[in-house]
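A short reminder: the numbers here are calculations on the coordinates, not readings from a lab. Fair warning: this is a prediction, and the values are worked out from it, not measured in the lab. Quick reminder, even Gly has a Cβ in these numbers, built from the backbone with ideal geometry, and neighbours come from all protein chains shown.
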Amino acid sequence: MKKILVPVDFSECSEYALEVASNLAKKHDAEIIALHMLGIPDTVLTSSNSKEMLEGMYYLKLAEKRFKEFLDKDYLDGITITDSVYSYKNFNELNAVAIENEADLIIMGSHGSSGLSEVFVGSNTEKVVRNSDIPVLVVKKETKNFNAEKAVFACDFAEENINAFNNALKLLSTLTNAKVKLLYINLPGQNYRSTKEIDTRVHNFLTKADALNLLDQVDYYNDYTVEDGIFNYSNKVGADIIALPTHGRRGLAHFFAGSISEDLVNHSNIPVVTFKL
């Protein structure tokens, strides 16, 4: 890991993300790219209307000033930090910025008032998760020493998840060296599968992923919804981080091949990292 991108809006939640980024940067001798997305189109900054242009420049300079104050943290000492103010039309451009800067990971803070509520509900975080080709780690609370020892990767073990699965294992081993539990949520009704059916599904998945050595790390958990199952299981085993695949379409409802609601993260203080299929 060489570069970590941290979108900053100067909030307390941004500082949570920045602190986690600093912890990882020190471990991996990585650079932090602190980015403020300023909602002023470039056309305003180059406008022939002098008043409009001056107003745009004022907000640009104000953001640069706030950056200097925001990045004045003891825990950032010794870390290479690049700060940048980027004007955008909508928040989706952050993916292009991340790719242009060759970032390995995006870390964002959540403004959720209860757990990670509203993280993926019409927020800028949702836009980033939905459009990012790069893994996105969402944190909600202050974590001075980010050192996850237990990770949960949850999916339905459909073949389309193999790429996200491999990327998750690679990043999680880089981030934390955490022991990863692979989780299948079994549901009642028409989505119910017998133990034998799940065994076959998981075995086929891990065979195609060339990861049969992880077979003994798979757990099945029964619950009424996928989101409740992931939440309840993760709390039961004391998980420090939850990893999820995403289709990159709108909302958390498309993180899996089936249906899953935003409720998964509504009451969770556990960091969530997403991987695009």
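Peptides 3-10, 154-161: what's the order by average Cβ count within 10 Å, highest mean first?
Details: 3-10: 22.0, 154-161: 19.4.
Ranked by mean Cβ neighbours within 10 Å, highest first: 3-10, 154-161.
Taking the fewest neighbouring Cβ atoms within 10 Å as the starting point, the ordered list for H203, H36 is H203, H36.
Treating cross-link reach as a plain straight distance, find the aspartates and glutamates whose alpha-carbon is under 12 Å from the alpha-carbon of K170, omitting any fewer than eight places away in the same chain. The reachable aspartates and glutamates, counting only those whose Cα sits under 12 Å from K170, are D104.
Note on E64, E227: ascending count of other Cβ atoms within 10 Å places them as E64, E227, the fewest first.
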